[in-house]
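> Mind having a look at this structure? Questions to follow.
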């Protein structure tokens, strides 16, 4: 693997992945949920903060957190994953947040369905998309910008899309978007705009930087590429045994080794998970479902004999999509769901 | 700077620093407090968990969390910093957790003074040290080990040393040592053993790996070195303006730019802080004290004119110790408190 630059390390020391032993929890403790702050965590005064609903609507709205809390609330367990998860496991990667595999987490998010707010505003028939603006501001691609992303009206109206003010039963902390964030279950995390201040209905597809330039699956610099949208199928395991510091190499006692992990997919339910030991694959057992937008546990017992092995796990969704055994290369290093490999020594 | 290895990046994506804009908060939101997990976050069953007090004591104790919560409780704001903070800013650094500057945070920790527990146990006069054992286990330097550190009886009996069960008013999350951790204000973080299961009074200085081999300030591989103990004086600033992604370069508007940050020291109070603009230093103003073991805010206003600049800040403690302008090199990359530099473009 190519070494990492200072720019990559500066991103890695301020953002964070979930230590993979965290896969043992159904609901990720808030403090180890993955976190990507695109620009800076902004200063937001919650006492004066409002979210504006503007543009192609019958009635413009300006809602305080108190207004939103009076609306119907839903709590959903949702697995979020960064679109760049797996980026560093590609050859010739772009300089960005250098995720290996840990940009994941599952929280219980509480908020009010966006659809109800949009119905109250009365989105006009000629509106094509909703543009969501966060309070974090910076420069990217030579353009000074607030962080902005859009959804089609159809996607925005789905019942699971929330304006969320709580995570794991507590008010959002600043780094997760306090006081309010968009939460779009099933989609990669860049869609769930934090520090949400404005929702604007527009008649043309949004062409802002984070939509038209970033978060695209490009085969070459010249390729316009496809939009990154829903989360591709993936399984990860809890690395078994104990780690060596700092290498992270794992040591396991011989005998029956229970292996567990989680699998998730934003496009179709996870249908099966396989565990591979040195390329011999066997079916793992799926655990109970937590919900349609959350990861699912799986387990498999390995009869381990002394020696060195490489463990892998691989998920397949109900549409037949299976994780690749090789990196899925693209310019921006997006959506790379190739299988995890864990080298272990059995003693 | 030398590029970073995969081993370093594996540590960086599972551990995390505090994004430096987090310096704006007196008390760090729990979810952005720095975190170093030496081995793995262990599985601890809180319902059966106990801390054992053993060895050279009159009465061995076995205390549940319920027992501890019946004891006198103290809440203290404490700034913790990893001993390896600044490691990556050294030339020829060792392969370890590759901190730049962000391995800091200040939380309100609640627990019961260790001294009272030790008094109840009756530490015998021939005891020299207390050895603290956590539940995280791994291999380092070829030795399989539980994470263990010691303190002299005198240091352990200080009134600010806590057995802590809460952080920022809530039960500890697993990654911060649930259900109980040691908390040693003023000392680098390796001292505050997490997932604490045993306290043993011993007659000889503890020679375990994390005491005798790791966490030492060695001038060469052959040098036995000095122990890392208390936190050296340091100031950090909130990087002003807005960032460029992914470089992190800052853009600032010309005019009066309020600069703020925090300064702290584990050996003596912070006496003054200076801000440097291209090597011209001026005194910053210190804010109110949060407490004897917590960082102190400071501020200074920069009259910024268009151009490119390097901003620095530097703290001095009441003993006259001042942060160095060059890295303080040592084999393990410990306690490197050399000044932060922030390149900015004023527009």
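The values are calculated or read from the model by the stated rules, or taken from the named source; none is laboratory data. If you're wondering where the values come from, they're calculated on a predicted model, not measured in any experiment. Methodologically, a virtual Cβ is constructed for each residue, glycine included, from the backbone with ideal geometry; neighbour enumeration extends over all protein chains shown.
> Suppose the filter is touching a strand residue (DSSP E or B) at 6+ places or on another chain (Cβ under 7 Å), without any contact (Cβ under 8 Å) to a residue 40 or more places away in the chain, under 25 Å from residue A:337 (Cβ atoms) and assigned to a loop (DSSP other than H, G, I, E, B); does residue A:289 pass it?
Yes.
> Next up: Kindly evaluate residue A:198 against the criterion of being farther than 27 Å from residue A:340 by Cβ, surrounded by fewer than 18 Cβ atoms within 10 Å (Cβ to Cβ) and in the same structural domain as residue A:71 (by TED's automatic domain parsing).
Judged against the criteria, residue A:198 is not a match.
> How many of the residues making up the range B:169-180 are at positive phi and surrounded by 14 or more Cβ atoms within 10 Å (Cβ to Cβ)?
Quick first cut of the range B:169-180, residues at positive phi only: B:169, B:177.
When the remaining residues are screened for being surrounded by 14 or more Cβ atoms within 10 Å (Cβ to Cβ), the result is B:177.
Residues that pass the stated criteria total 1.
> Tell me which residues, restricted to the range A:60-102, are in contact with a helix residue (DSSP H, G or I) (Cβ under 6 Å, 6 or more places away or on another chain) and either in the same structural domain as residue A:330 (by TED's automatic domain parsing) or under 30 Å from residue A:327 (Cα atoms) (or both).
A:80, A:82, A:83, A:93, A:95, A:97, A:98, A:99, A:100, A:102 - these are the residues of the range A:60-102 that are in contact with a helix residue (DSSP H, G or I) (Cβ under 6 Å, 6 or more places away or on another chain) and either in the same structural domain as residue A:330 (by TED's automatic domain parsing) or under 30 Å from residue A:327 (Cα atoms) (or both).
> Scan the range A:96-106 and give yes if some residue there is over 30 Å from residue A:340 (Cβ atoms), more than 14 Å from chain B (Cβ to nearest Cβ) and touching a strand residue (DSSP E or B) at 6+ places or on another chain (Cβ under 6 Å), otherwise no. Let's see the steps before the verdict.
Let us first name the residues in the range A:96-106 that are over 30 Å from residue A:340 (Cβ atoms), namely none.
No, because not a single residue in the range A:96-106 is over 30 Å from residue A:340 (Cβ atoms), more than 14 Å from chain B (Cβ to nearest Cβ) and touching a strand residue (DSSP E or B) at 6+ places or on another chain (Cβ under 6 Å).
> A further question follows. Could you tell me whether any residue of the range B:251-259 is more than 14 Å from chain A (Cβ to nearest Cβ), under 28 Å from residue B:111 (Cα atoms) and either crowded, with 20+ Cβ neighbours inside 10 Å or in contact with a helix residue (DSSP H, G or I) (Cβ under 9 Å, 6 or more places away or on another chain) (or both)?
no
> Determine if the range A:212-232 includes at least one residue that is closer than 20 Å to residue A:20 by Cα and crowded, with 17+ Cβ neighbours inside 10 Å.
yes
> Kindly indicate whether any position in the range A:262-272 is part of a strand (DSSP E or B) and touching a helix residue (DSSP H, G or I) at 6+ places or on another chain (Cβ under 6 Å). Outline the logic, then answer.
Quick first cut of the range A:262-272, residues part of a strand (DSSP E or B) only: A:262-264, A:270-272.
Within this subset, residues satisfying the condition of being touching a helix residue (DSSP H, G or I) at 6+ places or on another chain (Cβ under 6 Å) are A:262.
So far as the range A:262-272 goes, yes, one or more of its residues are part of a strand (DSSP E or B) and touching a helix residue (DSSP H, G or I) at 6+ places or on another chain (Cβ under 6 Å).
> Something else about it: Can you confirm whether residue B:51 is away from chain A (no Cβ under 14 Å) and within 30 Å of residue B:330 (Cβ to Cβ)?
Judged against the criteria, residue B:51 is not a match.
> Which members of the range A:220-242 meet the condition of being within 14 Å of chain B (Cβ to nearest Cβ), in contact with a helix residue (DSSP H, G or I) (Cβ under 9 Å, 6 or more places away or on another chain) and assigned to a loop (DSSP other than H, G, I, E, B)?
Answer for the range A:220-242, where residues must be within 14 Å of chain B (Cβ to nearest Cβ), in contact with a helix residue (DSSP H, G or I) (Cβ under 9 Å, 6 or more places away or on another chain) and assigned to a loop (DSSP other than H, G, I, E, B): A:238, A:239.
> Turning to a different aspect of this structure: Got at least one residue in the range A:198-219 being in contact (Cβ under 8 Å) with a residue 12 or more places away in the chain, part of a loop (DSSP other than H, G, I, E, B), within 14 Å of chain B (Cβ to nearest Cβ) and within 18 Å of the chain's Cα centre (by Cα)?
yes
> Can I ask one more? Output the number of the condition that residue A:159 fails; it satisfies all remaining conditions of (1) in contact with a strand residue (DSSP E or B) (Cβ under 7 Å, 6 or more places away or on another chain); (2) within 14 Å of another protein chain (Cβ to nearest Cβ); (3) in contact (Cβ under 8 Å) with a residue 40 or more places away in the chain; (4) surrounded by fewer than 20 Cβ atoms within 10 Å (Cβ to Cβ).
Result: residue A:159 fails condition (2) only.
> Give me the residue from the range A:1-18 that is crowded, with 22+ Cβ neighbours inside 10 Å and at the interface with another protein chain (Cβ under 7 Å from one of its Cβ atoms) and, out of that set, farthest from the chain's Cα centre (by Cα).
Among those that are crowded, with 22+ Cβ neighbours inside 10 Å and at the interface with another protein chain (Cβ under 7 Å from one of its Cβ atoms), it is A:4.
> Farther than 26 Å from residue B:297 by Cβ and surrounded by fewer than 22 Cβ atoms within 10 Å (Cβ to Cβ): which single residue out of B:74, B:69, B:93 fits that description? Steps first, please.
Numbers: B:74 fails: farther than 26 Å from residue B:297 by Cβ; B:93 fails: surrounded by fewer than 22 Cβ atoms within 10 Å (Cβ to Cβ).
The match here is B:69.
> Take the residues in the range A:111-146 that are in contact (Cβ under 8 Å) with a residue 40 or more places away in the chain and farther than 20 Å from residue A:62 by Cα; name whichever of them is farthest from the other protein chains (Cβ to nearest Cβ).
Filtering first and then ranking leaves A:126.
> Scan (1) without any contact (Cβ under 8 Å) to a residue 40 or more places away in the chain; (2) under 19 Å from residue A:37 (Cβ atoms); (3) more than 14 Å from chain B (Cβ to nearest Cβ) for the single condition residue A:152 breaks and write down its number.
Just one mismatch for residue A:152, condition (2).
> Can I ask one more? Collect the residues in the range B:273-286 that are assigned to a loop (DSSP other than H, G, I, E, B) and at pLDDT 95 or above, keeping them in residue-number order.
Looking only at the range B:273-286, we keep the residues that are assigned to a loop (DSSP other than H, G, I, E, B), and these are B:278-279, B:284.
If the condition is that a residue be assigned to a loop (DSSP other than H, G, I, E, B) and at pLDDT 95 or above, then B:278, B:284 are the ones that fit.
> Does residue A:166 satisfy the criteria of being assigned to a strand (DSSP E or B), touching a residue at least 24 places away in the same chain (Cβ under 8 Å) and either in contact with a strand residue (DSSP E or B) (Cβ under 6 Å, 6 or more places away or on another chain) or surrounded by 21 or more Cβ atoms within 10 Å (Cβ to Cβ) (or both)?
Here the answer is yes, as residue A:166 does meet what is asked.
> Quick one: how many residues across the range A:317-346 are part of a loop (DSSP other than H, G, I, E, B) and either surrounded by 16 or more Cβ atoms within 10 Å (Cβ to Cβ) or in the same structural domain as residue A:212 (by TED's automatic domain parsing) (or both)?
Number satisfying all stated conditions: 14.
> For residue A:46, all conditions in the list (1) under 21 Å from residue A:199 (Cα atoms); (2) within 14 Å of chain B (Cβ to nearest Cβ); (3) at pLDDT 95 or above; (4) in contact with a helix residue (DSSP H, G or I) (Cβ under 9 Å, 6 or more places away or on another chain) hold save one; what is the number of the exception?
Condition (3) is where residue A:46 drops out.
> Condition (residue is in contact (Cβ under 8 Å) with a residue 60 or more places away in the chain, more than 20 Å from residue A:138 (Cβ to Cβ) and part of a strand (DSSP E or B)) applied to the range B:243-255: is it met by at least one residue?
no
> Right, another one. Would you confirm whether or not the range A:24-43 contains a residue that is at pLDDT 95 or above, more than 8 Å from chain B (Cβ to nearest Cβ) and on the phi > 0 side of the Ramachandran plot?
Scanning the range A:24-43 turns up no residue that is at pLDDT 95 or above, more than 8 Å from chain B (Cβ to nearest Cβ) and on the phi > 0 side of the Ramachandran plot.
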